[in-house]
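The values are calculated or read from the model by the stated rules, or taken from the named source; none is laboratory data. Because the structure is a prediction, the values reported are computed rather than measured. Here Cβ is always computed from backbone atoms with ideal geometry, including for glycine, and neighbour counts include all displayed protein chains. Quick note on the areas: whole protein, heavy atoms, side chains included, nothing else; ligands and nucleic acids left out. Shrake-Rupley method; radii C 1.70, N 1.55, O 1.52, S 1.80 Å.
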Protein chains: 2
Amino acid sequence: MSVPEEKPSPSSEQATAPSALDSRAHRPLRIALLGFGTVGSSVARILVESRSEGLELTQIYVRSVARRHVDWVPASVQWSEDADAVLASDVDVIVELAGGIDPAGGWVRKALKSGKSVVTANKKLISLQGVELERLAASGGGQLKYGAAVAGGIPVIPGLEQGLAGDQIVRIEGILNGTCNFILSKMQEGAEYTPVLASAQSKGYAEADPTEDVGGFDARAKLAILMRLALRVHVDPEEIAPLPITSITSVDFIYARELGCTIRQIARADSAGGQIAASVGPMLVDMHSPLAWSRGTENMVIFTGHYGGDVVFSGHGAGGHPTAVAVVSDLLALAQGSRRVEIPTAPAHVSAEFEVPHYIRFMVNDKPGIIANITVALASEKINIRAIVQKPGYPQHALPFVMTVEPCKSSALKRAMECLRGKDYLLEEPLDLQMLE
Amino acid sequence: MSVPEEKPSPSSEQATAPSALDSRAHRPLRIALLGFGTVGSSVARILVESRSEGLELTQIYVRSVARRHVDWVPASVQWSEDADAVLASDVDVIVELAGGIDPAGGWVRKALKSGKSVVTANKKLISLQGVELERLAASGGGQLKYGAAVAGGIPVIPGLEQGLAGDQIVRIEGILNGTCNFILSKMQEGAEYTPVLASAQSKGYAEADPTEDVGGFDARAKLAILMRLALRVHVDPEEIAPLPITSITSVDFIYARELGCTIRQIARADSAGGQIAASVGPMLVDMHSPLAWSRGTENMVIFTGHYGGDVVFSGHGAGGHPTAVAVVSDLLALAQGSRRVEIPTAPAHVSAEFEVPHYIRFMVNDKPGIIANITVALASEKINIRAIVQKPGYPQHALPFVMTVEPCKSSALKRAMECLRGKDYLLEEPLDLQMLE
């Protein structure tokens with residue numbers, strides 16, 4: 001024990017001196033909320049109820065103060081209908097919960113340019129403009145945090161940035177849209193799409209226009225954000241063409257079960273062989289996979305690391321309170337001077353080329369020679385058939401049957417299916433789903 | 001859009017100015033490893049292979065340099081057999097991977113007192129002395145990070161600190177010991193304890209003396225750490241009396257299955273009604289619970305938040321590479337000036353009082369009146385029986401059977417079992433396991 005209790009050496013002082021945030025001493029972080037919908041009011045609720053040390057809600061912007069003003073918000077909080085005035089005020093952090101690109105993007109830019117920090121749950125904005133906004137934050141001296149933008153209350157983003165930064169993530173597989181998961185897990189139990197969508201809408205799980213969710217656009221935006229943080233590439237989300245879950249019928253769940261699987265909306269990406277591939281849509285997942293366990297509006301993300309293997313996160317991906325937990329956690333991290341672990345990223349193009357097994361469901365007007373015809377098309381692309389399943393009980397003139405094929409390139413399968421285009425026995429285009437293994 | 005692109009206001013500058021770590025500019029963080037076993041060599045391997053920006057391995061302490069020296073570590077790294085010299089050197093961060101209290105605790109203290117930061121995977125040290133060491137870090141100006149101390153490669157600690165700090169966690173349920181999970185999941189498939197333990201030992205999943213793992217002491221230390229971060233109380237882990245998994249036999253898996261359950265070593269704690277309760281031991285978990293999904297050496301943790309509901313983390317809880325990912329992630333966070341979100345905690349005593357259903361397995365020399373006798377004892381404590389299960393095929397003179405009871409206080413059940421002590425039909429003390437719901 002020969003080392004004296006010395007003063008920090010200059011080098012370690014550099015490495016460990018408290019950040020400027022600590023020098024705010026006992027003054028709390030002043031917070032303005034832009035938006036007071038489900039998430040905004042939950043954020044205010046948590047801030048008011050839990051009196052989190054170091055956080056002070058000082059302003060709330062809403063379009064109509066008269067309509068939103070509530071009695072449980074302390075009188076010290078200023079309500080305003082003038083977003084520009086809030087942005088120009090002396091708050092330290094802007095919490096942007098308006099969503100969408102406009103006017104939210106302009107507000108976030110203004111705040112970051114003026115050196116304020118921004119906390120947002122806006123996946124659309126971050127997926128499209130995150131790189132630019134982070135640069136703006138860095139040059140303005142503020143921080144941009146968006147833990148709530150993906151998977152709501154599940155700490156996927158802080159877990160990635162702070163806990164998995166030491167790994168090299170090579171694959172992402174996620175259930176990132178609670179609406180689709182609710183619909184598909186109900187369909188798994190036997191329900192039909194249309195009434196389940198209606199029930200999701202009445203429960204507030206789905207919008208009146210559900211396209212953003214069921215079309216895969218919401219999951220795509222979140223996947224693009226995760227790709228940046230996990231695979232360290234920034235991609236244009238619009239390069240990923242999602243397959244809507246509306247292509248799935250109850251017949252597909254019957255066949256999936258026959259194959260030991262169920263169907264979930266999956267957002268997946270990997271960086272195998274230096275190539276970035278991503279896709280979003282309904283896929284078959286093994287009943288024993290964690291992805292099949294998720295029920296209702298739950299979200300789940302599995303990261304596969306070169307060093308650490310698979311890490312699974314799951315929980316409530318949406319809703320006011322879970323999303324607000326992520327926002328308040330980001331605020332606490334700012335208040336304590338925690339800084340994001342910045343990971344260098346590079347721009348990349350996205351391919352849709354995965355080498356995985358596929359499920360192909362045909363709907364045919366049955367006649368001799370169909371299977372022969374299809375197998376020739378598959379053979380022309382050197383695709384091996386794994387299984388052919390045809391359940392009894394369907395009429396001959398509208399007969400669904402399924403083929404599964406061994407891992408093959410998505411593009412090869414697409415070419416094989418091209419050969420079948422226009423065949424008179426096909427009542428509709430074959431449904432081609434990836435199978436996760 | 002009336003706000004000009006102004007300079008940061010003084011207040012926002014205070015809130016967001018870069019920390020001193022940034023002022024290290026382009027000098028990387030100098031790192032010394034204390035220990036070069038499985039985890040230490042994995043940490044070195046990742047640092048060497050991934051050339052993480054901002055991290056520089058400069059020294060490695062081992063007891064015998066001649067025995068440990070390996071060719072893939074760059075020549076620039078100094079090997080040393082003198083821990084004190086390493087601690088007195090100009091490194092910024094000490095990575096303590098020796099484990100145990102002594103001499104590791106002394107090294108960590110010395111490093112923190114001299115203003116260095118410390119990254120450690122030492123759950124024993126952190127569970128017993130974490131509060132004191134964190135104070136030491138704060139006063140020395142360094143940081144103490146221990147993301148690797150619980151659940152290895154799964155970012156449970158960063159997820160909690162950075163992503164769930166905004167919630168109020170009210171319950172923790174975890175599978176925190178991979179050795180026990182390996183043994184119990186093999187026993188679930190029909191294997192017996194002794195050969196499975198031997199196989200775990202030959203695979204390196206269990207120590208020659210497995211007491212720390214199978215006795216529940218390892219899981220208890222990890223639970224105490226999670227209780228501090230999640231429930232915000234610091235407790236003496238020795239107040240929690242673990243039940244060893246050695247009390248479980250193949251008969252229990254047969255009866256568990258009959259009840260739709262399996263058995264896992266669970267570490268649980270909750271703060272219901274302001275009382276802190278914790279227990280560690282084999283428990284029955286519903287086959288549909290995420291806890292039943294974990295197989296092999298996997299770890300899993302479920303936090304239940306007042307606002308955000310359940311959040312599940314799972315993955316590889318041990319092993320060189322996964323644990324090293326947690327260590328390197330902590331190093332990256334330090335290099336980038338990220339600071340821990342400090343959560344105020346208070347000391348608390350731990351009770352073992354849960355109000356949950358129980359599984360009680362009796363092993364009797366059968367004769368008339370046993371069930372009547374037991375039910376009277378349970379009734380005296382107002383405990384309701386849920387089910388009585390007796391499978392055929394066992395000899396009358398060594399007959400196992402099971403009762404499950406409705407949720408009751410652990411202490412009431414203990415008193416009821418006390419009444420049966422010394423009964424001549426009991427071949428061994430009844431086995432009492434909590435059932436998770």
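For the reader, a short list of remarks on this structure follows.
- Residue within the range A:189-198 that is open to solvent by 20 Å² or more (accessible area, probe 1.4 Å), assigned to a helix (DSSP H, G or I) and closer than 19 Å to A:GLY99 by Cβ present: no
- Search result, residues across the range A:21-49 that are more than 10 Å from every other protein chain (Cβ to nearest Cβ), closer than 27 Å to B:GLU342 by Cβ and open to solvent by 70 Å² or more (accessible area, probe 1.4 Å): A:HIS26
- Some residue of the range B:222-229 being open to solvent by 10 Å² or more (accessible area, probe 1.4 Å), assigned to a strand (DSSP E or B) and at pLDDT 95 or above: no
- Within the range B:99-143, the set of residues being open to solvent by less than 10 Å² (accessible area, probe 1.4 Å), without any contact (Cβ under 8 Å) to a residue 40 or more places away in the chain and not in a loop (DSSP other than H, G, I, E, B) comprises B:GLY105, B:VAL108, B:ALA111, B:LEU112, B:VAL118, B:THR120, B:LEU125, B:LEU133, B:ALA137.
- Filtered by the rule that a residue be open to solvent by less than 30 Å² (accessible area, probe 1.4 Å) and charged (D, E, K, R), the range B:318-351 gives B:ASP330, B:ARG340.
- Beta carbons closer than 6 Å, at least 6 apart along the sequence or on distinct chains, pair a first residue in the range A:251-262 that is free of Cβ contacts under 8 Å to residues at least 60 places away in the same chain with a second that is open to solvent by 10 Å² or more (accessible area, probe 1.4 Å) for A:GLY260/A:MET287.
- The range A:50-74, residues that are within 14 Å of chain B (Cβ to nearest Cβ) and either among the polar types (S, T, N, Q) or open to solvent by 70 Å² or more (accessible area, probe 1.4 Å) (or both): A:SER50, A:ARG51, A:SER52, A:GLU53, A:GLU56, A:THR58, A:GLN59
- Residues being facing chain A (nearest Cβ under 8 Å) and aliphatic (A, V, I, L, M) are represented in the range B:93-104 by at least one member.
- Residues of the range A:399-422 that turn out to be open to solvent by 30 Å² or more (accessible area, probe 1.4 Å) and within 21 Å of A:GLU258 (Cβ to Cβ), as a count: 2
- Scanning the range B:272-317 for residues that are open to solvent by 30 Å² or more (accessible area, probe 1.4 Å), part of a loop (DSSP other than H, G, I, E, B) and closer than 30 Å to A:VAL43 by Cα yields a count of 2.
- The range B:284-320: number of residues that are at the interface with chain A (Cβ under 7 Å from one of its Cβ atoms) and not small (Gly, Ala, Ser): 8
- Residues of the range B:144-161 that turn out to be assigned to a helix (DSSP H, G or I) and either at the interface with chain A (Cβ under 9 Å from one of its Cβ atoms) or touching a strand residue (DSSP E or B) at 6+ places or on another chain (Cβ under 6 Å) (or both), as a count: 7
- Checklist (1) under 25 Å from A:ILE266 (Cβ atoms); (2) out of contact with any His (no Cβ under 7 Å at 6 or more places or on another chain); (3) open to solvent by less than 20 Å² (accessible area, probe 1.4 Å) applied to A:TYR425, failing item: (1)
- Of the criteria (1) closer than 23 Å to A:VAL285 by Cβ; (2) surrounded by fewer than 24 Cβ atoms within 10 Å (Cβ to Cβ); (3) touching a strand residue (DSSP E or B) at 6+ places or on another chain (Cβ under 8 Å), which one A:LEU164 fails: (2)
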